[in-house]
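The values are calculated or read from the model by the stated rules, or taken from the named source; none is laboratory data. From a predicted model like this one, the values you see are computed outputs, not experimental measurements. Positions of Cβ are generated from backbone atoms using ideal geometry, with glycine treated the same way; all protein chains shown enter the neighbour counts.
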Amino acid sequence: MNSTIKDERKTEMKKILMILAIAMLAALPVSAQIPNLMTYQGVLTDDMGVVVSDGSYNMTFRIYDVPSGGSPLWEETFGVNVSKGIFNTILGYTTPLDLAFNEPVYLGLAIDGGAELTPRRLFTSNAHAFSALSVFGVENIFPSSGHVGIGTLTPAAPLTIRINNTDSSWPALLIENTGNQSLIDFKMATVTEARIRKAAGGDLFLGTVTGQGITFSLSNTSTHRMMPDGSFGIDNLSPVEKLDVNGAIRLGTTANTNAGTIRWTGSDFEGYDGSLWNSLTSGGGSGLPSGTSGQTLRHDGADWVANTTLTNTGTNVGIGTASPSAELHVYGTEIEETRVQSTSPTGAAAVELLTSGGSLDYLRLEKSGPSRSGTTAGSIPLANLSRITAGTQAGALMLQTVPAEPIHFVTSNLERFRITETGRFEGYYNGAMTSRLYGGTDGGCYYQYDDEGHIFYGIEPDFSTGGGGYLYLRRNNSSTGFIVDGNCGATEGTRVSVFGATSSIVLDASASGNSTVVLPTGAVSSAEILNEPGVASSTEGVYSVPILDAPTVIRARTITAPASGYVLVIATGQGEMSHTAGVSSYINFGVSDIYTSLPVNQDVAWGISSGAGSGTYSAPVTCHGLFEVSAGSNTFYFLGDKGASTGESYCYDVQLTVLYIPTSYGTVNPTMAGGVGIPDTDAPVSSISASDISSERAASIEADNARIEKELAEMRRLVEELKREVENSE
């Protein structure tokens with residue numbers, strides 16, 4: 001290769017073809033350790049097959065588990081000398097070659113940081129390297145799969161160790177650990193269930209890991225067993241005590257003095273109590289003391305002595321008495337005579353009275369422990385709770401004092417409630433009664449008291465004939481402010497009275513008419529009567545208003561309606577016109593809510609016939625209309641409109657009245673503004689039949705009934721709201 005090719009090798013190296021051969025390490029002795037290094041040889045040429053120039057090339061070696069793509073499992077870069085195109089190197093010097101080579105792998109090469117040459121080369125094995133999969137010795141066999149034999153070439157188990165009887169080597173199996181302990185685990189599936197462990201300088205442990213017992217077998221028969229709780233059975237595979245022997249136990253003698261020791265002296269069984277050996281039989285040792293009938297034995301630390309404090313008559317047991325009158329009779333002078341105490345801080349202590357009537361015929365006094373956390377009864381947590389429980393067969397639970405005495409309920413050393421000897425239920429705070437509930441000949445009564453002992457409200461029967469309830473609320477210590485008499489005067493009508501210092505309010509359903517509601521004078525404000533009828537008016541008695549031949553406003557007035565409803569408009573005045581004989585003269589009068597036009601039924605005409613003589617004529621005029629209105633301001637007009645042939649016309653002494661009416665009591669056909677009425681002489685003749693009158697009457701009754709039902713529905717709604725307020729206050 002010429003110098004140009006050598007100088008440009010970094011850019012042209014992408015075209016280099018790689019011819020490589022991998023030389024595997026020669027086989028080493030079995031006892032030697034195989035180094036993590038690998039020799040590598042190759043020849044570098046350009047794309048024409050000519051070897052590259054001599055020199056050092058920076059080479060990157062990568063190992064993959066796929067022939068193309070993927071990520072390298074191992075990578076190493078270093079300078080390699082090339083001579084006549086040939087290079088030799090060792091892989092693994094800079095980056096440890098710690099791959100297992102137990103799966104197909106491929107080698108990739110890149111020169112001077114260029115692209116990786118293709119294709120990658122597959123690693124292959126030396127023929128003799130196949131023997132590394134298995135070891136076949138004279139006496140031992142380690143195949144790649146199957147059983148392993150030590151001392152035998154035909155192992156019968158996954159691991160078989162055979163010892164030659166003439167072989168003096170010992171032990172047959174050695175597990176050696178330079179650390180703190182050696183282990184042998186017995187695993188079923190993925191769980192370790194048993195273990196043999198030898199700690200450094202400690203005992204040898206044999207045991208289970210997952211909670212099973214240990215069974216001992218003699219002559220291929222299971223005889224002894226240790227249970228998971230530590231109980232040990234001898235010739236008993238189901239022990240129920242710490243030592244459970246199916247057979248006799250032989251004891252010998254001992255001179256040791258350990259409390260709780262039992263020994264056989266050769267003539268008697270003795271037990272050591274921590275200070276003395278005591279006979280365990282009535283005929284051996286020092287014997288038992290004499291006593292009286294019913295006495296029990298007690299050891300005083302030196303010897304057994306007769307005891308009268310605990311007496312057993314054969315039927316009754318007495319504590320503190322030599323004459324027990326019940327099956328268990330406790331007698332003493334101290335406050336605490338009997339105690340039932342749990343030995344566990346998370347347990348519970350209980351006293352239970354149980355008869356032979358059944359498992360639920362019991363009464364139980366219980367102190368629950370902290371372990372009852374999360375358990376509830378009637379939504380009340382039982383942890384650290386004391387309670388009295390009666391079984392369903394025990395009948396109802398009764399609290400009784402004989403003779404009659406109060407029953408007190410106390411928390412934090414303060415009385416909260418009391419049931420008196422007469423049956424009254426009273427509430428207390430700081431020693432003062434705050435409420436009282438009791439029943440008498442007239443029924444139940446409930447009273448609440450303030451901090452000075454005065455009743456501020458009470459509920460009691462209505463003592464009048466016919467029953468009912470009576471509720472009152474005081475406004476001070478001596479005066480009542482609110483009374484509800486459920487059956488006022490035995491009329492079954494309820495009376496509600498509200499009393500103040502200067503006024504009172506009464507709602508009396510037992511009365512009638514105006515007496516049912518009594519309010520103080522001026523109790524209803526103007527804002528509260530906005531749905532009442534209201535009126536507005538306008539007058540003119542000094543000036544005359546000329547009437548033109550177009551709608552002319554004689555008078556106008558505005559009324560502000562508080563809500564939708566109706567307005568009755570009434571207008572009166574003195575009409576005057578100049579008439580010329582030979583022509584007809586007339587003036588149309590009417591009321592309207594539009595000042596530029598008369599409603600079709602408001603063109604009420606006052607006229608003079610053509611045969612009348614010329615002159616000035618006058619006549620009183622009255623018009624009225626009923627208009628449907630919405631809440632807000634509404635303006636109404638008294639209008640006049642003269643005919644073209646009529647002379648000068650005027651209106652004097654005008655009165656315009658506007659009356660607001662909130663409610664209808666029948667069918668309403670309101671006056672409709674707008675439109676042009678036909679001439680009165682051209683109006684068709686109409687008559688009202690008996691059928692029309694009947695239909696009108698029925699429609700009016702229906703409309704009135706609908707109004708009444710609407711008002712009743714609103715009253716029912718208000719009553720229901722009042723009921724809910726009373727229930728919430730109770």
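Worth pointing out:
- When Pro104 is tested against the conditions (1) assigned to a loop (DSSP other than H, G, I, E, B); (2) farther than 30 Å from Phe142 by Cα, the lone failure is (2).
- Residue satisfying all of: in segment 588-622; assigned to a strand (DSSP E or B) and hydrophobic (A, V, I, L, M, F, W, C); farthest from the chain's Cα centre (by Cα) among these: Ile608
- Pick from segment 81-101, criterion crowded, with 17+ Cβ neighbours inside 10 Å, in a strand (DSSP E or B) and of a type in the set (A, V, I, L, M), ranking: nearest to the chain's Cα centre (by Cα): Leu91
- Some residue of segment 416-429 being surrounded by 12 or more Cβ atoms within 10 Å (Cβ to Cβ), closer than 30 Å to Ala509 by Cα and touching a Ser or Thr at 6+ places or on another chain (Cβ under 7 Å): no
- Which listed residue, of Ile407, Ile380, is closer than 30 Å to Gly444 by Cα and not assigned by TED's automatic domain parsing to the domain that holds Gln448: Ile380
- Gly391 closer than 29 Å to Gly358 by Cβ and in contact with a Phe, Trp or Tyr (Cβ under 6 Å, 6 or more places away or on another chain): yes
- Filter result (surrounded by 16 or more Cβ atoms within 10 Å (Cβ to Cβ) and touching a residue at least 24 places away in the same chain (Cβ under 8 Å)) within segment 462-487: Asp462, Gly468, Gly486, Asn487
- Ser182 passes every criterion in (1) surrounded by 12 or more Cβ atoms within 10 Å (Cβ to Cβ); (2) within 25 Å of Thr160 (Cβ to Cβ); (3) modelled with pLDDT of 75 or more apart from (3).
- Selection count where residues are in a strand (DSSP E or B), out of contact with any Leu (no Cβ under 9 Å at 6 or more places or on another chain) and of a type outside the set (A, V, I, L, M), scope segment 352-381: 1
A quick yes/no check of all residues on (1) assigned to a strand (DSSP E or B); (2) closer than 30 Å to Thr210 by Cα:
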{"site": "Pro228", "(1), (2)": "no, yes"}
{"site": "Gly233", "(1), (2)": "yes, yes"}
{"site": "Asn236", "(1), (2)": "no, yes"}
{"site": "Val240", "(1), (2)": "no, yes"}
{"site": "Asp244", "(1), (2)": "yes, yes"}
{"site": "Ala255", "(1), (2)": "no, no"}
{"site": "Ala259", "(1), (2)": "no, no"}
{"site": "Gly266", "(1), (2)": "no, no"}
{"site": "Ser275", "(1), (2)": "no, no"}
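- Any hit, segment 537-545, residues being under 18 Å from Ser633 (Cα atoms) and surrounded by 14 or more Cβ atoms within 10 Å (Cβ to Cβ): yes
- Qualifying residue in segment 440-463 (condition: in contact with a Ser or Thr (Cβ under 6 Å, 6 or more places away or on another chain) and closer than 21 Å to Gly489 by Cα): no
- Hits in segment 405-431 (condition: among the small types (Gly, Ala, Ser) and at pLDDT below 90): Ser412, Gly423, Gly431
- Residues that are farther than 14 Å from Gly443 by Cβ and outside any loop (DSSP other than H, G, I, E, B), drawn from segment 457-489: Tyr457, Tyr472, Leu473, Arg474, Thr480, Gly481, Phe482, Ile483, Val484, Asp485, Cys488, Gly489
- Considering residues of segment 430-456 that are of a type in the set (S, T, N, Q) and assigned to a loop (DSSP other than H, G, I, E, B) only, the residue surrounded by the most Cβ atoms within 10 Å (Cβ to Cβ): Asn430
- Qualifying residue in segment 511-530 (condition: modelled with pLDDT of 90 or more and not small (Gly, Ala, Ser)): no
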